Each structure stands twice: as C-alpha cells, then as structure tokens.
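All remarks here apply to the structure that follows.
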Amino acid sequence: MNRIIIIITLSLITGSAMSQHSGSQQNIPYRLTTEPAIGTKLMAMDVQVSNLLQYNVHKRFSIISHSVFSFAIPFARMEDVLQNHNYALIQKFGIGTSLYTKHTMNTFSFLAGVKYYAYSGTLDNEHLPEKITTKSTGTTSDFGLMYNLKMVRKKYFMSTRLYVPLKDGLAGMGENATIEIGAGIKLR
Amino acid sequence: MKYFIFLSALVTLFSCKKESIAQNPALNKNFRIVSAEKGKTYQISIFLPEGYPSSTDYYPTIYVLDADQNQELVADQCKKISTCLNTQNVIVVGIGYGDNRNIDYTPTKTTYGDGGSVAFLNFIKKELIPRIQQDFRADTLRKNRVIIGHSFGGLFGAFAFTKHNEVFGNYLLLSPSLFYDNSVILQYEQESRPSIKDKRQLVFIGAGATEGALLPANDLLYQRLVKFYLNTASTFNIVGGRGHNTSRNTDIENAISFYFKNR
C-alpha cells in the first residue's frame with residue numbers, strides 16, 4: 001500500500017510539474033476557494049457535511065484541505081438498539097492536479113489525514129433482562145483519491161466530489177467511498 | 001519514456017501475488033454433496049495440512065462458511081500460525097453455497113432472511129461431517145471441530161452455539177449479525193444456558209469498531225460468556241477504525257490465532 005501512495009503522489013507532482021513546464025500560461029480561474037458541501041457514503045446511510053479548501057499554487061498544482069463531519073442514520077432493522085450517537089470527524093490534507101475545459105475545472109487529488117469516530121448505542125430488549133450500553137471511539141488514518149468537478153461560474157460555482165479511500169482495498173472503497181455536492185466560493 | 005516507466009511500475013506492482021495454499025493441487029480436494037436434508041447440492045472444498053499425505057495422524061477440522069470469500073485466507077492463516085506455534089495444523093473444509101445464504105444462515109423467517117438454519121445445521125451434522133470423517137482423517141471429537149463465519153455466517157455460528165452445541169467445540173464469530181430478528185440469538189442463549197454453560201468450548205467474537213449498532217448485541221453475548229460460562233475461553237476483539245467488511249480479514253487472522261493459542 002505504501003508503494004501505491006508513493007507512486008500516486010509522485011505521479012501527481014510529476015504530472016503537474018511537466019504540464020506546467022510545457023507552458024500553459026493561461027490565468028488560473030481561482031487562486032483560493034472554499035467549497036462547503038453535503039454528501040453521503042455510496043453504500044451506507046451516512047450523511048456528511050464537509051468543506052474543501054483549495055489553494056492553486058499554479059495552474060496545474062494545488063494544495064487541498066478537506067474537513068468532514070459525518071453522522072450515521074440508525075438502521076431500522078436493528079429494532080432493539082437505541083443509537084445515542086454515531087459520528088466521525090475527518091481532516092485530510094493533500095495535493096492535486098487540475099485539467100480545464102471551457103466551463104469546468106477537474107481536480108484529481110491525493111488526500112491523507114486522520115479520522116476520529118465515536119459510537120454509543122443501548123440495547124434495550126423486552127425479552128432480555130440486561131440493558132447494555134456499548135461505546136466505541138478511536139482514531140484511524142484515512143487516505144484516498146478525490147475527483148472534484150467544478151462547474152465554473154465566475155465567483156461562485158458548483159462543486160461535485162467523489163472520494164475513494166485506498167486504505168482497505170476494495171472492501172474499504174465499497175464501505176467508505178463518498179459523494180458530495182455543494183457550492184464553491186472564490187476567496188482570491 | 002517516463003510514462004512507460006511509470007506504467008511498467010504500476011503493472012509490476014499489481015501483478016505481485018502471494019503464493020496461496022490453494023495453489024497446491026495435492027492438498028486441495030473438491031467434491032459436491034447432494035443434501036437429503038436440504039434437497040440442494042453443495043460444493044465442498046478441502047484444504048489439507050502440508051504433512052497430511054505422509055502422516056497417519058488425525059486432524060482437527062475448521063468448517064468455513066461463505067467459503068468463496070473466506071476459505072483461502074483461513075487456510076493460509078492456519079498454515080502460518082500453526083507453523084509459527086509449531087503445533088498441528090487443521091483440515092479446512094469450505095462450504096460453498098448450495099442455497100441462498102439468507103436462507104441457510106438465518107434462524108428465523110423475517111424480511112431479511114428465510115430461517116433455514118435448522119435444516120442447514122442438520123445437513124452439516126448428519127451429512128457433511130460424517131462424509132468428511134469417512135473420506136479424510138478428521139478427528140471425531142467435538143473439541144476438535146471449529147466453525148467460522150462472517151456476518152450472517154457468524155449469526156449461524158452463534159445459532160450452532162446456542163441450539164446445537166454438541167456439533168462444534170469452537171466458534172469463531174466474525175461480526176455476527178446478532179441483532180437479527182430482535183436479537184433472537186440472545187434469547188436462545190438464555191434458554192440453552194443451563195445445558196451448555198459448563199461445557200469446555202472456545203468462542204471468539206470479532207467486530208469492526210465502526211460497525212455501530214451491530215456492537216451492543218455482540219458486547220452482551222461476550223459479557224454473558226464471561227459471567228456464566230466458566231469453562232469457556234472467550235474474547236471480544238474490536239478491530240480499530242474498521243467497519244463490517246473491512247474488519248473481516250483482520251478478524252480472520254485474530255480468530256485463527258486465538259483458536260490455535262487456546263485450543
């Protein structure tokens with residue numbers, strides 16, 4: 001897995017440097033943007049609010065911060081479990097490279113960071129004598145690839161993002177891939 | 001040229017594959033068995049221990065549910081850990097799908113399953129185990145039979161533990177869906193407790209830390225095991241930062257390790 005990360009990171013840096021060197025000198029549409037969004041996991045009933053900050057160092061190379069607060073909607077099939085809370089906070093940083101068309105900006109980035117998760121649920125079943133509350137908290141690493149499509153409209157724009165985690169292979173992609181849709185604002 | 005090197009590196013990276021126990025045909029046997037109990041045909045895959053052909057020893061057996069997904073990793077881990085601990089390996093019996101897992105692995109009929117566990121367990125007990133003991137040098141003692149399953153497979157393992165405790169002596173339950181049907185397995189456990197609590201047995205319960213509402217019922221089963229089952233070796237293993245599917249492989253490794261160290 002470490003080799004995959006190194007190769008992706010090097011390819012992003014090399015690709016952006018090569019394309020910069022090849023001389024595309026057009027103006028950068030945005031230097032710094034903030035992009036709040038709402039989203040969900042593709043394969044689970046989670047809702048998340050997030051914000052992405054993107055600073056374009058030059059036309060093809062950007063530095064990115066991605067912050068997420070997500071919370072899980074309780075499963076209806078677990079009739080006897082009362083969910084007290086179930087949320088996660090994720091902060092990732094990364095680098096990206098962008099491709100441009102007339103009205104879109106397509107950014108491919110590699111992000112890595114930390115995820116904090118917390119769960120508390122109470123099992124309360126009339127057929128069982130015990131009533132038990134279980135808690136689970138912890139931090140874990142999180143890294144993956146993000147594709148961000150910006151529909152360019154001057155100062156404001158629409159941002160659609162797909163995040164695919166790489167940490168746990170195909171199982172992790174299925175379990176934790178997310179999609180987000182939101183607005184973007186040009187700060188600089 | 002740069003892109004060619006980059007692509008070559010990628011191809012090399014993804015073409016590296018660890019040698020698996022399944023690649024040795026002398027130790028891998030397969031057969032189909034038509035179940036009189038179920039009226040279905042099951043594909044059974046056997047991974048024998050490395051020393052099996054040259055020895056006359058009898059071996060413990062691990063019965064693997066959802067064999068298509070889990071059996072190779074289970075067999076690889078058994079080989080690795082038994083070698084590491086310098087102890088006898090096991091025969092790994094993979095039970096492929098003969099019927100839908102939502103039928104075979106669920107104890108009662110609900111929206112999510114058809115409640116075929118009784119018939120499936122009878123098939124294992126009355127047809128599969130006798131066949132394995134007839135065709136291979138499989139130890140016939142309860143304490144030397146193990147069942148391992150994930151999700152609904154773990155639910156079925158817990159069903160076997162509570163309702164047909166005489167079949168297996170070791171239960172490796174990976175993210176078992178104990179919430180199923182209003183936690184019916186925990187109700188079964190209460191009913192069966194007087195007759196099974198004093199038996200010597202081993203129960204591994206595993207789950208991912210981010211599995212949320214699946215955790216409380218598993219936590220309660222573990223607490224009951226600790227409180228009431230004084231001759232049972234048990235553990236509740238939480239895999240940090242992982243969910244239902246992403247915890248599975250780590251859980252398999254931990255469960256196999258727990259079995260070999262505590263059997």
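Each value in this text was obtained by applying a stated rule to the coordinates, not by laboratory testing. All figures in this text were calculated on a predicted structure; none of them were measured in a lab. Positions of Cβ are generated from backbone atoms using ideal geometry, with glycine treated the same way; all protein chains shown enter the neighbour counts.
Treating the angle as unsigned and between 0 and 90°, give the value, to the nearest 10°, between the Cα long axis of helix B:180-196 and the longest Cα principal axis of chain B.
It is inclined by approximately 70 degrees.
Using only the Cα atoms of segment B:199-262, what do you get for the radius of gyration and for Dmax, in Å?
Cα-based Rg and Dmax for segment B:199-262 come out at 11.9, 34 Å.
Fewest first, what order do B:Ser192, B:Ser175, B:Ser45 take by the number of other Cβ atoms within 10 Å?
With the sparsest Cβ surroundings first, the list reads B:Ser192, B:Ser45, B:Ser175.
Along the positive direction of the dipole of segment B:126-224 (beta-carbon charges: Lys, Arg +1; Asp, Glu -1; about the Cα centre), which of B:Phe156, B:Ala138, B:Tyr171 reaches farthest?
B:Ala138
Using just the helices of chain A, give the 222 nm mean residue ellipticity in deg cm²/dmol: DSSP H runs with n ≥ 4 each add -39,500 (n - 2.57), and the total is spread over all residues, rounded to 500.
Using -39500 (n - 2.57) per qualifying helix, the result is -5000 deg cm²/dmol.
To the nearest 20 Debye, how big is the dipole of chain B about its Cα centre, given +1 on the beta carbon of each Lys and Arg and -1 on that of each Asp and Glu?
340 debye
Can you quote the Å³ per residue value for the convex hull of the Cα atoms in the protein assembly as shown, rounded to an integer?
Each residue corresponds to 161 Å³ of Cα convex hull volume.
My understanding is that a pair violates if its Cα-Cα distance is over 24 Å; which of A:Lys59/A:Lys115; A:Lys131/A:Lys167; B:Lys163/B:Lys199; B:Lys38/B:Lys125; B:Lys126/B:Lys261; B:Lys38/B:Lys199 do that in this structure?
Exceeds cut-off: A:Lys59/A:Lys115; A:Lys131/A:Lys167; B:Lys126/B:Lys261; B:Lys38/B:Lys199.
Just A:Val81, A:Val68, A:Val47 to compare: in a GNM of chain A, with alpha carbon springs under 10 Å, which one fluctuates most?
Among A:Val81, A:Val68, A:Val47, the largest GNM mean-square fluctuation belongs to A:Val81.
Summing -39500 (n - 2.57) over the DSSP H runs of n ≥ 4 in chain B and dividing by its residue number, what mean residue ellipticity at 222 nm do you reach, to the nearest 500 deg cm²/dmol?
-13000 deg cm²/dmol
Between A:Ile73, A:Ile132, A:Ile28, where does the largest GNM mean-square fluctuation fall for chain A, given springs only between Cα atoms within less than 10 Å?
Looking only at A:Ile73, A:Ile132, A:Ile28, the biggest GNM fluctuation is shown by A:Ile132.
Picking from A:Pro129, A:Phe69, B:Asn28, whose Cα lies most toward the positive end of the charge dipole for the protein assembly as shown (charges on Cβ: Lys, Arg +1; Asp, Glu -1)?
It is A:Phe69.
Let me make sure I get this right: for segment B:34-80, a, b and c are the square roots of the gyration tensor eigenvalues over alpha carbons, sorted descending. Under 1.5 in a/c it's rounded, otherwise prolate if a/b > b/c, else oblate. Which is it?
Oblate shape, in that a/c is at least 1.5 and b/c is the bigger or equal ratio.
Which percent, nearest 5, of DSSP beta bridges in chain B are antiparallel? Walk me through the numbers before you get to the answer.
On the way: 12 of 39 bridges.
Here the antiparallel bridges make up roughly 30 percent for chain B.
How large is the Rg to Rh ratio of chain A when both quantities use alpha carbon positions and Rh follows Kirkwood?
1.08
Across peptide A:158-171, how many C-beta atoms of other chains are within 10 Å of each residue C-beta, on average?
Taking all residues of A:158-171 together, the mean is 2.
Taking N as the number of residues in chain B, what is its Cα Rg relative to 2.2 N^0.38 Å? Please report the intermediate quantities before stating the final value.
Numbers: Rg = 19.0 Å, N = 263, 2.2 N^0.38 = 18.3 Å.
Output field value: 1.04.
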